[in-house]
Every structure is written in C-alpha cells, then in structure tokens.
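> Could you have a look at this structure, given as structure tokens, before my questions?
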Amino acid sequence: MWCRRLVGLLEMPGWLRGSSGHCPPWLSHHRRTTLAAAAHWHHTAPESLKCAWQLHGDHLELRYRDTLMRFDFVWLRDHCRSASCYNAKTNQRSLDTASVDLAIRPKAVRVDETTLFLTWPDGHVTRYGLEWLVRNSYEGQKQQVMHPRILWNAEIYHQAQVPSVDCQSFLETDEGLKEFLQNFLLYGIAFVENVAPTKDDTEVLAKRVSLIRETIYGRMWYFTSDFSRGDTAYTKLALDRHTDTTYFQEPCGIQVFHCLKHEGTGGRTLLVDGFYAAEQVLRQAPEQFELLSKVPLKHEYVENVGDCHNHMIGVGPVLNVYPWNNELYLIRYNNYDRAVINTVPYHVVHRWYAAHRTLTTELRRPENELWVKLKPGKALFVDNWRVLHGREAFTGYRQLCGCYLTRDDVLNTARLLGLQA
C-alpha cells in the first residue's frame with residue numbers, strides 16, 4: 001500500500017533529515033545508547049518466541065507475533081479497561097487522566113500466552129489482551145489503513161465492472177445499502193439506478209445513508225446554467241477537475257448528483273481518482289508529495305450576487321495524511337478557488353509550484369479520466385475528499401439536483417452494516 005512506503009520519509013521532519021536522508025549522528029548515538037541499556041527480555045515460556053517483554057525506565061517493550069511495541073507507563077495506566085476505569089456499557093473512559101502520576105511505574109508485570117497483567121503501586125491491577133494491544137498500539141496502527149480502497153484509472157474502473165444498485169434494493173434492504181456503501185468506500189463513487197427524477201425522491205435517497213449537510217447553497221439544490229450564484233458551475237462552460245468547498249474549513253464529504261433533465265448536447269461528467277494520481281506522484285517524486293502534504297494554502301469563495309453575500313476561507317494542504325501511517329485521507333484541489341498564496345515563504349513557493357504541476361499532470365492524464373453521461377433516474381454519489389469531478393460544456397437546458405452529505409454519518413452507516421470505514 002502506498003501509504004506504508006511513505007512512513008520512513010515523513011516520520012522525521014525534512015529539516016531534521018540530512019541531505020542523505022539518514023538520521024543525524026546524535027540521534028543514531030542516542031538510539032545505540034538506548035539499545036545498550038535495554039533490560040533483559042522476559043519470555044512467556046522458556047522456549048516461547050511468540051511473546052517476550054522487558055521493562056525500561058519509562059516504558060514497557062513488548063514483542064508479540066511479528067510486532068515490536070513500546071508502551072509508555074502512563075499510557076498503560078490511562079487505558080485500563082477495568083470496571084473502575086472504563087464504562088463498558090457506554091464505551092467511555094471513567095478514569096481521570098489528569099490524576100495519573102506522570103512518573104508512574106508498575107510494581108509488577110506478568111505476561112502469559114494471551115494477556116498482559118500490570119500491578120500498580122496502589123495495588124490496582126490492569127489486564128490487556130495481547131491481540132488488543134497489537135490492534136491499538138502505535139506500531140500496530142502504522143501497519144493498518146483506516147479506509148481500505150481500490151485506486152483506479154479509467155481502465156481499472158471499467159475492468160472492475162462495478163455494478164450500480166437498484167433504487168428499491170437501496171432503500172428497502174440492508175443488502176442493497178451495504179453493496180452500495182462497499183462500492184462507495186472502495187472506489188469513492190457509486191451509482192443508484194431507477195430513481196424517480198425529482199428533487200424529493202433524490203432527497204429520500206440521500207437521507208438513506210446520511211444527514212444532509214446544509215451549507216450556503218441550502219440543503220437540496222437545483223443546479224442550472226442561470227448564473228444565479230457567483231460560481232462558474234452555474235454556467236454552460238466546461239469545468240476542469242476539482243473538489244468542492246475547498247474554501248470550507250472542513251470540505252463537504254460526499255456530494256450527490258442527479259440529472260433531472262437535459263435538452264441539448266454535451267454535459268458529460270468527468271471523474272478522476274485523486275488518490276490514484278497522488279500515488280503516482282509519491283512513486284515518481286516523494287519529496288514533492290511531502291511538500292504537497294505539508295504546505296498550507298488558503299482557498300476562498302467571494303460571492304455578491306442578488307441576495308447571496310458570502311466570503312468563505314478554508315486553510316489546509318493539497319494532500320492531507322494521517323500522521324501515524326501517512327495514509328492519504330483528503331485532497332483539496334480547486335484551481336478556481338485557490339486564494340492568493342501568502343502562507344508560503346519565498347524559498348518554498350517555487351518548489352511548491354513544481355510539485356503542484358506534477359500532481360496536475362497526473363490528474364489530467366487522459367487515461368485517468370472517467371467520463372459518465374448522467375441521465376434522469378441515475379444518481380451519483382461522489383467522495384469529495386477523494387474523487388475530483390468536472391464536466392464538458394453543454395448546450396440547451398440542463399437541470400441537476402443534489403446535496404452534500406455529512407461524512408461522519410455515511411461512515412457511521414457503513415460501520416453499523418459491518419464495513420470497515
């Protein structure tokens with residue numbers, strides 16, 4: 001997985017790495033000193049290679065299966081799952097973290113084949129299952145992805161023959177909803193067929209998976225080329241690939257499109273997997289990927305049309321990654337709405353432009369473009385944190401409706417159906 005290949009690059013800030021990319025000598029010496037001072041390894045059984053542990057001055061080191069983990073003593077006390085420390089009914093912590101002595105150290109440690117036992121100075125005993133520790137340790141999380149995905153270009157997507165879900169199955173059965181959500185989570189886009197071509201029916205569809213997010217555009221919106229809003233989208237012009245609401249502090253997570261009517265030509269919808277393009281940048285120029293994930297930019301929306309007066313500003317890098325495993329989770333890419341670049345110092349800005357050009361080249365490769373003709377009855381859900389959309393110019397009268405969905409609620413629905421999200 002591409003996110004794992006970046007771990008070594010981003011784990012240490014660029015200013016700390018030397019030109020060779022290696023650790024500075026003082027840090028290497030510190031590591032050697034720490035290893036030299038390591039205590040004796042204890043095994044769960046004389047011949048056991050499955051689990052071993054040793055105590056250090058401020059942490060416990062535990063090797064279980066193929067994972068070497070390090071746990072701070074405060075962490076081990078804070079995450080205790082005993083009845084007095086954790087409410088299993090509400091899945092909430094009862095222990096006051098601020099009450100834990102920062103210099104705490106266990107009085108006794110014991111490990112059997114499945115469980116770690118810690119006895120604290122006040123006599124309290126904490127028990128951890130070893131499998132739980134692997135799943136929840138920093139080292140274990142680094143080996144996992146939060147959101148399993150299939151990255152795609154046009155050929156990969158067509159070969160996958162991802163099915164659309166029928167509207168009735170989507171609305172009335174958990175199986176149909178689960179199939180839809182699985183497609184959406186894996187590919188960042190999903191289709192529902194045989195939807196009645198009305199705004200009300202589209203709203204029912206959207207509410208099946210999430211709360212509708214109300215924005216400056218309202219809840220459910222009609223979309224025509226009447227230039228009723230101060231946005232290029234409300235014209236007949238072609239739109240280059242982009243993500244929406246980059247000018248929000250938290251861009252909208254999911255967008256729903258449903259073409260209700262089109263009396264004319266053109267108007268195909270363009271879809272591009274931004275994560276697929278980002279992976280190509282990572283492979284070709286990892287230092288540019290890092291730059292795009294570190295440099296914060298402003299995006300801005302200024303509108304003064306009719307009764308609509310808005311001035312929105314959102315700040316963040318083009319590529320956003322989880323810091324513990326460097327998994328990409330959000331792309332902000334909108335050349336229309338990018339504000340003046342005044343958050344980047346002189347000595348970085350030219351390199352940022354070069355990195356942005358590399359990403360743009362990947363996003364604009366014809367083989368990465370999936371073109372879809374939206375028709376009445378076919379609703380499209382787009383992961384706005386991942387998949388860029390655009391359109392070709394069109395003639396005649398074209399009317400779409402749609403909305404934005406709250407991302408948390410979509411993922412919540414997926415988890416309740418047993419999907420990893």
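The values are calculated or read from the model by the stated rules, or taken from the named source; none is laboratory data. Small disclaimer: the values here were computed from a predicted structure and weren't measured. All Cβ positions, glycine included, derive from the backbone under ideal geometry; neighbour counts span all protein chains shown. Heads up: the accessible areas ignore ligands, DNA and RNA and are worked out on the full protein's heavy atoms, side chains in. Shrake-Rupley method; radii C 1.70, N 1.55, O 1.52, S 1.80 Å.
> Do you know which of the residues in region 293-316 that are open to solvent by 20 Å² or more (accessible area, probe 1.4 Å) and not in a strand (DSSP E or B) is nearest to E139 (Cα to Cα)?
Here is the first cut: in region 293-316, the ones open to solvent by 20 Å² or more (accessible area, probe 1.4 Å) are 294, 296, 298, 300, 302, 304-313, 315.
Cutting the leftovers down to not in a strand (DSSP E or B) gives us 294, 296, 306-307.
Numbers: K294: 23, P296: 28, G306: 55, D307: 53 Å.
Among residues in region 293-316 that are open to solvent by 20 Å² or more (accessible area, probe 1.4 Å) and not in a strand (DSSP E or B), the one nearest to E139 (Cα to Cα) is K294.
> A follow-up question, please. Quick one: is R241 part of a helix (DSSP H, G or I) and either among the basic types (K, R) or open to solvent by 20 Å² or more (accessible area, probe 1.4 Å) (or both)?
no
> Name the pairs: first residue in region 93-116 and more than 17 Å from H59 (Cα to Cα) and assigned by the TED database to the domain that holds R63, second residue charged (D, E, K, R) and open to solvent by less than 70 Å² (accessible area, probe 1.4 Å), Cβ to Cβ under 7 Å, at least 6 apart or on different chains?
Final answer for the pair search is L95/D78; T97/D78.
> Of (1) surrounded by 19 or more Cβ atoms within 10 Å (Cβ to Cβ); (2) within 30 Å of D174 (Cα to Cα), R415 satisfies all except one. Which?
That leaves (1) as the condition not met.
> Also, I was wondering about something else. Looking only at region 55-93, filter to residues that are touching a His at 6+ places or on another chain (Cβ under 7 Å) and buried (at least 16 other Cβ atoms within 10 Å of the Cβ); which one of those is nearest to G129 (Cα to Cα)?
Residues of region 55-93 that are touching a His at 6+ places or on another chain (Cβ under 7 Å), as a first pass: 70-73.
Right, trim to buried (at least 16 other Cβ atoms within 10 Å of the Cβ) and you get 71, 73.
Numbers: F71: 14, F73: 16 Å.
Checked region 55-93; the qualifying residue nearest to G129 (Cα to Cα) is F71.
> Taking region 368-408, which residues are crowded, with 21+ Cβ neighbours inside 10 Å, closer than 19 Å to L181 by Cα and polar (S, T, N, Q)?
N384 - this is the single residue of region 368-408 that is crowded, with 21+ Cβ neighbours inside 10 Å, closer than 19 Å to L181 by Cα and polar (S, T, N, Q).
> Give the number of residues within region 254-287 that are under 25 Å from I313 (Cα atoms) and open to solvent by 10 Å² or more (accessible area, probe 1.4 Å).
So the count comes out to 1.
> Next question. Report yes if R110 is touching a strand residue (DSSP E or B) at 6+ places or on another chain (Cβ under 7 Å), under 23 Å from H40 (Cβ atoms) and of a type in the set (D, E, K, R), otherwise no.
For R110, the condition - touching a strand residue (DSSP E or B) at 6+ places or on another chain (Cβ under 7 Å), under 23 Å from H40 (Cβ atoms) and of a type in the set (D, E, K, R) - is met.
> Give me the pairs, please: first residue somewhere in region 69-84 and polar (S, T, N, Q), second residue anywhere and outside any loop (DSSP other than H, G, I, E, B), beta-carbon distance under 8 Å, and either six or more positions apart or on two chains.
S82/V125; S82/T126; S82/R127
> Give me the strands (runs of 3 or more DSSP E) completely within region 107-208, filtered to those with at least 2 residues that are within 29 Å of I254 (Cα to Cα), ordered by residue number. Outline the logic, then answer.
Working: elements: 108-111, 115-119, 125-129, 189-193.
Filter on region 107-208 gives 189-193.
> Can you confirm whether region 339-346 contains a residue that is assigned to a loop (DSSP other than H, G, I, E, B), under 24 Å from N368 (Cβ atoms) and open to solvent by 10 Å² or more (accessible area, probe 1.4 Å)? Full working, then the answer.
Within region 339-346, the first condition is being assigned to a loop (DSSP other than H, G, I, E, B), and the residues that meet it are 339-345.
Now drop any that are not under 24 Å from N368 (Cβ atoms), which leaves none.
The answer is no, given that none of the residues of region 339-346 is assigned to a loop (DSSP other than H, G, I, E, B), under 24 Å from N368 (Cβ atoms) and open to solvent by 10 Å² or more (accessible area, probe 1.4 Å).
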